[in-house]
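Visitor: If you scroll down you'll find the structure; I have some questions about it.
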Amino acid sequence: MVIILKKDPEKEQLANLINWLESKGLSVHRNDGVSHLVLGLIGDTSKIDMDLIQALDIVDGVKRIQEPYKKANRKFASEDTVIRVGNTQIGGGTLTIMAGPCSVESEEQIIAVAQAVKESGATILRGGAFKPRSSPYSFQGYGAEALRLLSLAKQATGLPIVTELMELSQLELFDDVDIIQVGARNMQNFNLLKELGHQKKPVLLKRGMSATYEELLMSAEYIMSGGNENIILCERGIRTFETYSRNTLDITAVPALKHLSHLPVIVDPSHGTGKVALIPSMAMAAVAAGADGLMIEVHNDPAKALCDGSQSIKPDLFARLAPRLRALHQVTHSEEVTE
Ligand code: PEP
Ligand code: MN
């Protein structure tokens, strides 16, 4: 349930209302928007008399939230979530471009790619240290050493870093990481999600290969219910009967998730298509659909990449693509066409 308050509610009446709601065993989530204040209630609201609350002087409206996700729900917040990392932000009308190799392979590689993508307009550096591979015989990532190299690249470029955490024991190595990535394969690792709710770093939550929007939002809810509300949702393609592309990139997810939730939504056309030739078009499609950002795999020598070379674009293609994405973003944000 959410309670929308009138502008500048009288302080004592507001405190009384919050106390009364808390005395009913509810937790009250205060959301100070620019235009109005919204109180989101978590807990069993079935015995709360909506008419009674509606009748209060300070209350403008009361709504029940039917969906199982509450904190992630668009109805729960008065404004879009904006996440700040380093000197940049995700959401709130900006186009975030995360770029970098699938895996961190060497100091030369990560520094060269970081400098190149920064030059072309990337705002966040990606690079895998712990890799969830389908085969135990495939390269598993350089782990702690890769994290050290990512820190060097961050120092060299000033770009904040995002990298995947596969299990909780790795968290102690993540001090210098700005955004923790939860991969598609871990989207429903509920214990991991719960623990990530108890720490402060923003979480980039990738959609599971067969997850519905509701399941993705419920996974965000797991993290948010623990107190960490800085979640970025990422569409990275789902399994369908099509085999030509690695996955089927679900562009509908962008407007759908943004309709259902206030959380920022980004798109990963690299894992979403698996093919270099398809990435520029799908990146443009994501921006046109209203995505808050992109995550793109860029490698200086894709033919020799230890992981995902066939879907890694070279820095020069990235340099041509990034300004086009920014130009398109300008156009799509100048006027929104909605119902
Ligand atoms: C990745 O971003 O490197 C990755 C493994 O992605 P996903 O979890 O979407 O497969
Ligand atoms: Mn990859």
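The values are calculated or read from the model by the stated rules, or taken from the named source; none is laboratory data. Just so we're clear, the structure is a prediction, and the values are computed from it rather than from any experiment. Ideal geometry is used to build each Cβ from the backbone, glycine not excepted, and the neighbour counts take in all protein chains shown. Ligands, DNA and RNA are excluded from the accessible area calculation, which covers all protein heavy atoms including side chains. Shrake-Rupley method; radii C 1.70, N 1.55, O 1.52, S 1.80 Å.
Visitor: Using a 1.4 Å probe on the protein heavy atoms, what percent of the accessible area of segment 219-311 belongs to carbon and sulfur? Let's see the in-between values first.
Guide: Details: 1830 of 3160 Å².
Carbon with sulfur: 58 percent of the solvent-accessible area.
Visitor: Right, something else. Extension gain Val331-Leu171, at 0.36 nm per residue separation less the Cα-Cα distance, in nm?
Guide: Values: separation 160, 0.36 × 160 = 57.60 nm, distance 3.98 nm.
Working it through step by step, the gained length comes to 53.6 nm.
Visitor: How high is the FRET efficiency from His259 to Ser134, r the C-beta distance, R0 45 Å, rounded to 0.05? Each step should come with its number before you reach the end.
Guide: On the way: r = 33 Å, r/R0 = 0.73.
With a Förster radius of 45 Å, E is 0.85.
Visitor: How much of Val85 can a 1.4 Å solvent probe reach, expressed as accessible area in Å² and rounded to 10?
Guide: Around 10 Å² of this residue is reachable by solvent.
Visitor: In sequence order, what are the phi-derived ³J(HN,Hα) couplings for segment 41-50 according to the Karplus relation 6.51 cos²θ - 1.76 cosθ + 1.60 with θ = phi - 60°, rounded to whole Hz, with x for glycine and proline?
Guide: 10, 10, x, 7, 9, 4, 9, 7, 7, 5
Visitor: Going by average Cβ density within 10 Å per residue, which order do the peptides 210-222, 98-110 take, highest to lowest? Mind showing how you got there, number by number?
Guide: Numbers: 210-222: 19.8, 98-110: 23.6.
Descending packing order for the listed peptides: 98-110, 210-222.
Visitor: If you average over every viewing direction, what projected area does the convex hull of the Cα atoms of segment 289-339 give, in nm²?
Guide: Values: hull surface 17.7 nm².
The Cα convex hull of segment 289-339, projected and averaged over all directions, gives 4.4 nm².
Visitor: Can you compute the label reach from Glu67? Point 7 Å from Cα along the Cβ direction, backbone N cut-off under 14 Å, restricted to segment 239-278.
Guide: Residues 253-265 qualify, since their backbone N sits under 14 Å from the label point.
Visitor: Moving to a separate point now. Starting from 0 in steps of 10 Å, tell me what percent of the Cα-Cα pairs of the chain lands in each bin.
Guide: 6, 25, 32, 21, 11, 5, 0
Visitor: Return the long-range amide H neighbours of Leu204 (sequence gap of 5 or more, or a different chain), with a cut-off of under 5 Å between placed amide H atoms.
Guide: Amide H neighbours of Leu204, under 5 Å, 5+ apart: Ile180, Gln181, Val182, Ile232.
Visitor: At 7 Å along Cα-to-Cβ for each site, give me the label-to-label distance between Lys6 and Glu214 in nm.
Guide: Simple spin-label model gives 3.8 nm for this pair.
Visitor: Need one number: nm distance between label points at Ile111 and Lys304, each 7 Å from Cα along Cα→Cβ, rounded to one decimal.
Guide: In this crude label model, Ile111 to Lys304 measures out at 1.6 nm.
Visitor: Right, here's the next one. Quote the accessible area belonging to Val34 in square angstrom, nearest 10, computed with a 1.4 Å probe and with ligands, DNA and RNA left uncounted.
Guide: Using a 1.4 Å probe on the heavy atoms, I get roughly 130 Å².
Visitor: Using 7 Å Cα-to-Cβ label points, what is the Trp20/Ser35 separation (nm, one decimal)?
Guide: Each label point is offset 7 Å from its Cα along the Cβ direction, giving 2.6 nm.
Visitor: Also, I was wondering about something else. Considering the chain as a Gaussian network with a 10 Å cut-off on Cα pairs, which listed residue, Met284, Met50, Met209, attains the greatest mean-square fluctuation?
Guide: Between Met284, Met50, Met209, it is Met50 that shows the largest mean-square fluctuation.
Visitor: OK, next. Of Lys118/Lys314; Lys131/Lys194; Lys11/Lys201, which pairs sit farther than 23 Å apart, going by alpha carbon to alpha carbon? Display every interim value, and only then the final one.
Guide: Values: Lys118/Lys314 14 Å; Lys131/Lys194 21 Å; Lys11/Lys201 32 Å.
Pairs exceeding the cut-off: Lys11/Lys201.
Visitor: Here's another thing I want to ask about it. Between Ala156 and Thr252, what length comes free when the chain is fully extended (0.36 nm per residue of separation minus the Cα-Cα distance, one decimal in nm)? Numbers along the way, then the final one.
Guide: Values: separation 96, 0.36 × 96 = 34.56 nm, distance 3.72 nm.
So the chain would gain 30.8 nm between Ala156 and Thr252.
Visitor: Take peptides 171-178, 247-254 and line them up by average Cβ neighbours within 10 Å, highest first, as a rough protection proxy. Present the calculation step by step, with values, prior to reporting the outcome.
Guide: On the way: 171-178: 15.4, 247-254: 19.2.
For the peptides 171-178, 247-254, the packing ranking is 247-254, 171-178.
Visitor: For segment 254-339, what is the convex hull volume of its Cα atoms per residue in Å³? Write out the running numbers ahead of the final one.
Guide: Values: hull volume 7.9 nm³, N = 86.
It comes to 92 Å³ per residue, whole-number rounded.
Visitor: Next question. Can you show me the helix-derived [θ] at 222 nm for the chain, built from DSSP H runs with n ≥ 4 at -39,500 (n - 2.57) apiece and divided by the number of residues, rounded to the nearest 500. Intermediate values should be presented prior to the final figure.
Guide: Numbers: 10 runs with 109 residues, N = 339.
Dividing the helical sum by the residues of the chain leaves -9500 deg cm²/dmol.
Visitor: What is the set of long-range amide H partners of Asp60 at a cut-off below 5 Å, with H atoms built 1.01 Å from backbone N?
Guide: Under 5 Å from the amide H of Asp60: Ile4, Leu5, Lys6.
Visitor: Under the rule of at least 5 residues apart or a separate chain, name every residue whose amide H is placed under 5 Å from the amide H of Asp250.
Guide: Counting only residues 5 or more places away or on other chains, the set is Gly237, Ile238.
Visitor: Here's a follow-up. Which value in Å does the Kirkwood hydrodynamic radius of segment 176-217 take, with 1/r averaged over all unlike C-alpha pairs and then inverted? Walk me through the numbers on the way to the answer.
Guide: Numbers: mean 1/r = 0.0932 Å⁻¹.
One over the average 1/r among Cα pairs gives 10.7 Å for segment 176-217.
Visitor: So, one more: Could you tell me how many cubic angstrom of Cα convex hull volume segment 34-118 has per residue? Don't skip to the end; give the middle numbers.
Guide: Working: hull volume 13.2 nm³, N = 85.
Output value, Cα hull per residue: 155 Å³.
Visitor: Moving to a separate point now. In Å², and per residue, what accessible area does segment 33-73 have when probed at 1.4 Å with the other protein chains present? Show your work: numbers first, answer last.
Guide: Working: 2170 Å² over 41 residues.
Here the per-residue accessible area is 53 Å².
Visitor: Right, something else. Provide the packing ranking of 17-28, 114-125, i.e. peptides ordered by the mean count of other C-beta atoms within 10 Å per residue, highest first. Walk me through the intermediate numbers first.
Guide: On the way: 17-28: 14.1, 114-125: 21.7.
Order by mean packing, descending: 114-125, 17-28.
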